[in-house]
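Scroll down for the structure; my scribbles are underneath it.
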Amino acid sequence: MGIKIIVNGEVWEFGGATLSELLLERGLTPDQGGLAVAINGSIALRSEWSEITILPSDNVEIIHIVRGG
Amino acid sequence: MVLQSSEQGLFIAGKSFRSRLLIGTSRYPNQQVMLDALDASGAEIVTVSVRRVSLASGGEGLFDLLRGKVTFLPNTAGCYTAKDAVLTAELAREALETNWVKLEVIGDDQTLFPDVEQLLLAAGELVKKGFVVLPYCNDDPITCRKLEDLGCAAVMPLAAPIGSGMGIRNPYNLRIIREQCKLPLIVDAGLGTASDATLAMELGMDAILLNSAVAGARDPVKMAAAMKLAIEGGRLAFEAGRIPRKLYAMASSPMDGLIDP
């Protein structure tokens, strides 16, 4: 039984502990480029992804780079 | 010596660029056309956006596709508040390892005109956080001056609404902005074709940022090449200095030695 968090605006049941594990659960590899994460409106530095613990009700935004003008 | 192109490059925040064209990556018919258009444009600075990763996509490959080939300029398109724009810029900085940002804070989804109040708030905050801020703004000399005073690295007044292809709706405002602003000036948004870009450069703008005019052309690659040449031509003409407009004719050929049969 995981914890309930919000990922990109939707409820997500997270079975792991760290942000790196969350990314893997979402099909992303933490070493892939062009990604960034904010938790509760604050940037999660890439160098700390494996140490950041996800807590119940955390609001996580995971972004990537897309086409733009 | 034959002058092939402008001797001076574009300088922004201590970095030098040969090309005076900044180009977007959106709305091309397909990825290969985009890559070919970017190549034909000669642009070194390329704009991108920041969006949520969907579960299905697993992360778009745009970053890997362009990494090392261009200077990324992430935008804050789609942000309506300073708060959202600042967080988007911070996410972009983390994702791209660049502190450059094309700051957009939109006030209305029909015109996509900037919300000046929120734009100024966001610009001030991002400058304080160490960003190189290039704000998309109205062609309003006062707004441009305020953005300059806040410490932005360049100012990017619009020519016309984003994607409208209307060309320069107010060349007189751009002239005033050019006279008053010491920062690099980049016309951002609204251009339709090559002559629009030339006119902007003849008005003394330092560079052009465009996307739709190239991506939406029947032949985007050809239009990218046209924009490159138009911008170089316009810049050279600006540096050369146009002749004054006169109401009456002045003969080009000598008037002495005419025959008198």
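The values are calculated or read from the model by the stated rules, or taken from the named source; none is laboratory data. Not measured: the values here are computed from a predicted model. Here the Cβ is made from the backbone with ideal geometry for all residues, glycine too, and neighbour counts use every protein chain on show.
Does B:Ile186 qualify as being out of contact with any His (no Cβ under 6 Å at 6 or more places or on another chain), under 20 Å from B:Ala154 (Cβ atoms) and part of a helix (DSSP H, G or I)? In short, no. Quick check: is even one residue across the stretch A:49-59 more than 7 Å from chain B (Cβ to nearest Cβ) and within 20 Å of B:Thr98 (Cβ to Cβ)? So far as the stretch A:49-59 goes, yes, one or more of its residues are more than 7 Å from chain B (Cβ to nearest Cβ) and within 20 Å of B:Thr98 (Cβ to Cβ). The residue that is surrounded by the fewest Cβ atoms within 10 Å (Cβ to Cβ), among those in the stretch B:116-140 that are farther than 11 Å from B:Thr81 by Cα and hydrophobic (A, V, I, L, M, F, W, C), is B:Val127. Which pairs do you get when a residue that is within 16 Å of B:Ile162 (Cβ to Cβ), found in the stretch B:211-224, comes within reach of a residue that is of a type in the set (D, E, K, R) and surrounded by fewer than 20 Cβ atoms within 10 Å (Cβ to Cβ), reach meaning Cβ atoms under 6 angstrom, with the pair 6+ apart or on two chains? Between residues of the stretch B:211-224 that are within 16 Å of B:Ile162 (Cβ to Cβ) and residues that are of a type in the set (D, E, K, R) and surrounded by fewer than 20 Cβ atoms within 10 Å (Cβ to Cβ), the close pairs are B:Ala215/B:Arg27.
For B:Gly68, the criteria (1) closer than 30 Å to A:Val11 by Cα; (2) at pLDDT below 95; (3) surrounded by fewer than 17 Cβ atoms within 10 Å (Cβ to Cβ) hold in every case but one, which is (1). Within the stretch B:31-47, the set of residues being closer than 11 Å to B:Asn211 by Cβ and assigned to a strand (DSSP E or B) comprises B:Val46, B:Thr47. Inspect all residues belonging to the stretch B:238-252 and state whether any of them is of a type in the set (A, V, I, L, M, F, W, C) and in contact (Cβ under 8 Å) with a residue 12 or more places away in the chain. Yes, the stretch B:238-252 contains at least one residue that is of a type in the set (A, V, I, L, M, F, W, C) and in contact (Cβ under 8 Å) with a residue 12 or more places away in the chain. Among the residues making up the stretch B:125-154, those that are within 18 Å of B:Asn99 (Cβ to Cβ) and in a strand (DSSP E or B) are B:Val132, B:Val133, B:Leu134, B:Pro135, B:Tyr136. Residues in the stretch B:40-71 that are of a type in the set (A, V, I, L, M, F, W, C) and more than 30 Å from B:Ser16 (Cβ to Cβ) were compared, and the one that is nearest to the other protein chains (Cβ to nearest Cβ) is B:Val53. Listed by first and then second residue, the pairs with beta-carbon distance under 6 Å, at least 6 apart or on different chains, first residue in the stretch A:11-32 and under 20 Å from A:Ser47 (Cβ atoms), second in a helix (DSSP H, G or I) and among the hydroxyl-bearing types (Ser, Thr, Tyr), are A:Pro30/A:Ser20.
Here A:Thr29 qualifies as hydroxyl-bearing (Ser, Thr, Tyr) and either closer than 25 Å to B:Gly68 by Cα or within 7 Å of chain B (Cβ to nearest Cβ) (or both). Quick check on B:Ala160: is it crowded, with 17+ Cβ neighbours inside 10 Å, of a type in the set (A, V, I, L, M) and either in a helix (DSSP H, G or I) or at pLDDT below 95 (or both)? When the stated conditions are applied, B:Ala160 does not pass them.
The requirement of being at the interface with chain B (Cβ under 8 Å from one of its Cβ atoms), part of a loop (DSSP other than H, G, I, E, B) and farther than 23 Å from B:Gly78 by Cβ is fulfilled nowhere in the stretch A:3-23; no residue meets it. Among all residues of the stretch B:72-91, there is none that is under 18 Å from the mean Cα position of the chain (by Cα) and away from chain A (no Cβ under 12 Å). Would you mind stating whether B:Ala160 is of a type outside the set (D, E, K, R) and in contact with a Phe, Trp or Tyr (Cβ under 7 Å, 6 or more places away or on another chain)? Considered against the rule, which asks whether it is of a type outside the set (D, E, K, R) and in contact with a Phe, Trp or Tyr (Cβ under 7 Å, 6 or more places away or on another chain), B:Ala160 comes out as no. For A:Ile43, state whether it is within 12 Å of chain B (Cβ to nearest Cβ), free of Cβ contacts under 8 Å to residues at least 40 places away in the same chain, touching a Leu at 6+ places or on another chain (Cβ under 6 Å) and not in a loop (DSSP other than H, G, I, E, B). Here the answer is no, as A:Ile43 does not meet what is asked. Of everything in the stretch B:87-109 that's of a type outside the set (Val, Ile, Thr), modelled with pLDDT of 95 or more and not in a helix (DSSP H, G or I), which residue is surrounded by the most Cβ atoms within 10 Å (Cβ to Cβ)? It comes out as B:Glu104.
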